[in-house]
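For reference, the structure is listed below as structure tokens.
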């Protein structure tokens, strides 16, 4: 399972159109546009008996946050452009959005931890995974291309708990199932 910020359909479609003409180039395994999201907390395997408490705690964590304006813009590579394994799109946020997104990630991780669920301890780096590479590669030209991208703005006003079913999607990719969603408690700001 994981907790995520999921862009609305129009933002996903815009990014997908930008990538469509470029997907044939490069030796990447492209993520399906229906799987575009920003992971706030990666929870790994969650026992069924813990789901109800997790949902309750995530709801409380979301209620403490306010909506914020965001758009997909720019990009990069992990671990770096010289030896990339992952190509990603970034987020354009104002100061309020940066604060709220960071606090959402902390709140989601705390909710899981207090429920007794192990949480991936890596530092939160907001991004949308676009593609994975089978072997490390130099991707400077791809990152420069992504740096030209800026999608439509939207108000992030909810987070989603998603269960991933590995190998059950097309071409043995994960199939995502939404378990619940949580509206942010404050008045949305655009």
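Kirkwood hydrodynamic radius for the range 131-188: how many Å is it when counted over pairs of different Cα atoms? Kindly include the intermediate steps, with their values, before the conclusion.
Values: mean 1/r = 0.0652 Å⁻¹.
Evaluated over the range 131-188, this radius sits at 15.3 Å.
State the extension gain, in nm to one decimal, for the chain segment bounded by residue 92 and residue 110, taking 0.36 nm per residue of separation less the distance between their alpha-carbons. List each step's numbers first, then the result.
Working: separation 18, 0.36 × 18 = 6.48 nm, distance 2.50 nm.
So the extension gain works out to 4.0 nm.
Taking every pair of Cα atoms in the chain, average 1/r, invert it to obtain the Kirkwood radius, and report Rg/Rh to two decimals.
0.96
Cut-off 10 angstrom, C-alpha nodes, Gaussian network model of the chain. Which of 100, 56, 163 fluctuates the most?
Of 100, 56, 163, the most mobile in the Gaussian network model is 56.
Can you give the FRET efficiency for residue 153 and residue 103, using 1/(1 + (r/R0)^6), R0 = 30 Å, r = Cβ-Cβ distance, to the nearest 0.05? Kindly include the intermediate steps, with their values, before the conclusion.
Working: r = 20 Å, r/R0 = 0.68.
It comes to 0.90.
Find, to one decimal place in angstroms, the Kirkwood hydrodynamic radius of the range 63-114, where the mean of 1/r is taken over every pair of different Cα atoms and then inverted.
One over the average 1/r among Cα pairs gives 12.8 Å for the range 63-114.
Have a look at the DSSP beta bridges in the chain and tell me what percent are antiparallel, nearest 5.
Working: 34 of 34 bridges.
Among the beta bridges of the chain, antiparallel pairing accounts for roughly 100 percent.
What is the spin-label model distance, in nm, from residue 17 to residue 78 if the labels are put 7 Å beyond Cα along the C-beta direction?
Rounded to a tenth, the inter-label distance reads 2.9 nm.
Output the Cα-based Rg and Dmax of the range 7-95 in Å, rounding Rg to one decimal and Dmax to a whole number.
For the range 7-95, the Cα-based Rg and Dmax read 16.6, 45 Å.
For residue 52 and residue 125 in one chain, what is 0.36 nm times their gap in residues minus the Cα-Cα distance, to one decimal in nm?
Full-extension gain reported as 23.5 nm.
Bear in mind that the values in this text are calculations on the coordinates, not laboratory data. These numbers come from a predicted model, not from an experiment. Heads up, the Cβs are rebuilt from the backbone with ideal geometry, glycines too, and the neighbour counts pull from every protein chain shown.
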